[in-house]
Each structure stands twice: as C-alpha cells, then as structure tokens.
Amino acid sequence: MTSTFTKIAAGLERVFAENGFAAPSVGELRDAAGVSLRTLYKYTPSREEMVYAALEHRHQRYMDLIFAELPEDPVEALITILDRVGLWMRTESTRGCLFHAAVATAPQDRRLIQLLNDHKMEVAKRAAQAVKLEGKEIELSLIMEGLTQSWSLYGAQAVENAKKLGEGLRSTQH
C-alpha cells in the first residue's frame with residue numbers, strides 16, 4: 001500500500017468512525033483524507049471504495065494492536081488480548097464495531113459482508129492460536145464480540161467478566 005493510500009484510508013476511517021457512513025459529505029471525506037478531491041477519487045473512485053479502504057485500514061490497526069507481541073503463556077495471552085480489546089473500545093470504538101455498522105448501512109453489499117466475515121474469522125483464529133485453544137474459535141469469538149457489544153454499557157467491568165468467561169473456557173478444555 002502506498003503512503004498516500006494509507007493516509008487516505010486513515011482519514012476516511014477516522015471520519016466514518018466519528019460520523020457514520022451516510023453523514024459525511026464528499027468535502028468532509030476529502031478533508032479527512034488530507035488530499036485533493038482528484039487524489040481521493042484516484043485512490044478510492046467511489047464512496048463504496050472509500051468505505052472498503054477505511055475498513056481494511058481499521059482491520060490492520062486492530063490486528064496490530066490486539067495481537068502484537070503477546071505473552072507466550074496462553075493464560076497471560078488471553079488476559080492481554082481482552083485488555084487490549086477493552087483499550088480499543090475505550091479509545092477507538094465506544095459505539096461498537098465499525099464493520100457491523102458498515103454492513104447495517106448497506107446490508108446487500110457482498111464485499112462489505114465479506115470484509116466483516118474475514119475480519120471476525122481472522123480475529124477468532126489468531127486469538128485461538130495465541131491462547132492455545134484451537135478449535136474454540138467460536139467460543140472465543142463470542143467472548144470477544146460480547147465484550148465489544150457490551151462495552152458501552154459496562155466499560156471495564158465487561159473486560160473483567162470476559163476474562164472470567166475466558167478462564168472458564170480454558171477449564172472446560174480438559
């Protein structure tokens with residue numbers, strides 16, 4: 001990815017996260033991307049392409065934050081992952097998952113649905129590998145998605161309860 005494309009994607013991600021997908025005008029999208037309208041359309045020739053670029057950028061940032069340099073101990077890795085999901089929710093996404101929000105605005109858009117599915121599947125797979133619970137991707141996904149969705153109601157308490165559920169998941173493995 002070029003640095004111009006990354007700059008555009010980062011700006012678009014920020015404006016969509018703050019304002020939703022329908023509200024920002026093309027001028028606001030251009031300003032958020034920090035480029036001319038011509039450059040914006042060169043790299044993202046439609047509003048749909050702008051949304052895809054923003055979500056792909058968000059996916060990479062999320063994966064980098066959640067899974068970078070995890071402890072080798074599976075229990076500590078799970079605690080770290082859930083703490084980082086809480087950090088993400090507190091600092092980046094207090095209103096829930098941007099991928100789900102995007103699909104809600106365009107429920108027939110197959111590429112959006114695929115981006116959502118790919119994101120969630122990769123998160124679950126990487127989490128299961130990191131915490132040595134391969135085969136428990138669905139259960140880990142339920143815990144992490146539950147944390148994401150309940151964050152706005154319970155904040156840090158949601159993280160602590162997600163950790164308890166994760167401990168329980170580990171204990172049922174044997």
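The values are calculated or read from the model by the stated rules, or taken from the named source; none is laboratory data. Please read all numbers here as calculations on a predicted model, not as lab measurements. Every residue, glycine as well, gets a Cβ built from its backbone with ideal geometry; the counts of neighbours run over all protein chains shown. Calculation scope for accessible area: heavy atoms of the full protein, side chains included, ligands and nucleic acids excluded. Shrake-Rupley method; radii C 1.70, N 1.55, O 1.52, S 1.80 Å.
Once you have the Cα-Cα distance between Arg95 and Lys125, take 0.36 nm times their residue separation minus that, and quote the gain in nm to one decimal. Let's see the in-between values first.
Details: separation 30, 0.36 × 30 = 10.80 nm, distance 2.42 nm.
Full-extension gain reported as 8.4 nm.
Nearest 10 degrees, 0 to 90: what angle lies between the long axis of helix 3-19 and the longest principal axis of the chain (Cα atoms)?
Compared with the principal axis, the helix lies near 80 degrees.
Once every DSSP H run of n ≥ 4 in the chain is given -39500 (n - 2.57) and the sum is divided by its residues, what mean residue ellipticity at 222 nm do you get, rounded to the nearest 500 deg cm²/dmol? Mind showing how you got there, number by number?
Working: 9 runs with 134 residues, N = 174.
Roughly -25000 deg cm²/dmol at 222 nm, from the helical runs in the chain.
Per-residue accessible area for Met144 at 1.4 Å probe radius, Å² rounded to 10?
10 Å²
Give me the one-decimal nm value for the distance between modelled label points at Asp64 and Asp31, 7 Å along each residue's Cα-to-Cβ direction.
2.6 nm
Report the accessible area of Ser93, computed with a 1.4 Å probe over the heavy atoms of all protein chains in place, in Å² rounded to the nearest 10.
Estimated to the nearest 10 Å², Ser93 gives 10 Å².
Among rounded, prolate and oblate, which fits the chain when a ≥ b ≥ c are the square roots of the eigenvalues of its C-alpha gyration tensor, a/c under 1.5 means rounded, and a/b larger than b/c means prolate? Show your work: numbers first, answer last.
Working: a/c = 2.26, a/b = 2.12, b/c = 1.07.
Since a/c reaches 1.5 and a/b is larger than b/c, the shape of the chain is classed as prolate.
Work out the P(r) tail for the range 1-72: percent of alpha carbon pairs separated by more than 18 Å, whole number. Walk me through the numbers before you get to the answer.
On the way: 886 of 2556 pairs.
The proportion of pairs with Cα distances above 18 Å equals 35 percent.
Within 10 Å of each candidate Cβ there may be at most 13 other Cβ atoms; applying that plus a DSSP loop requirement, which trypsin sites (Lys or Arg not before Pro) in the range 55-117 survive? Please list the in-between numbers first.
On the way: sites: Arg58, Arg61, Arg84, Arg90, Arg95, Arg110, Arg111; in loops: Arg95.
Those satisfying the criteria are Arg95.
So what's the angle, to the nearest 10 degrees on a 0 to 90 scale, between helix 74-91 and the longest Cα principal axis of the chain?
40 degrees
Along the range 110-127, what does the Karplus equation 6.51 cos²θ - 1.76 cosθ + 1.60 (θ = phi - 60°) give for ³J(HN,Hα), rounded to whole Hz, x for Gly and Pro?
3J(HN,Hα) across the range 110-127, in whole Hz: 5, 5, 4, 4, 5, 4, 4, 4, 4, 4, 5, 5, 5, 4, 4, 5, 5, 5.
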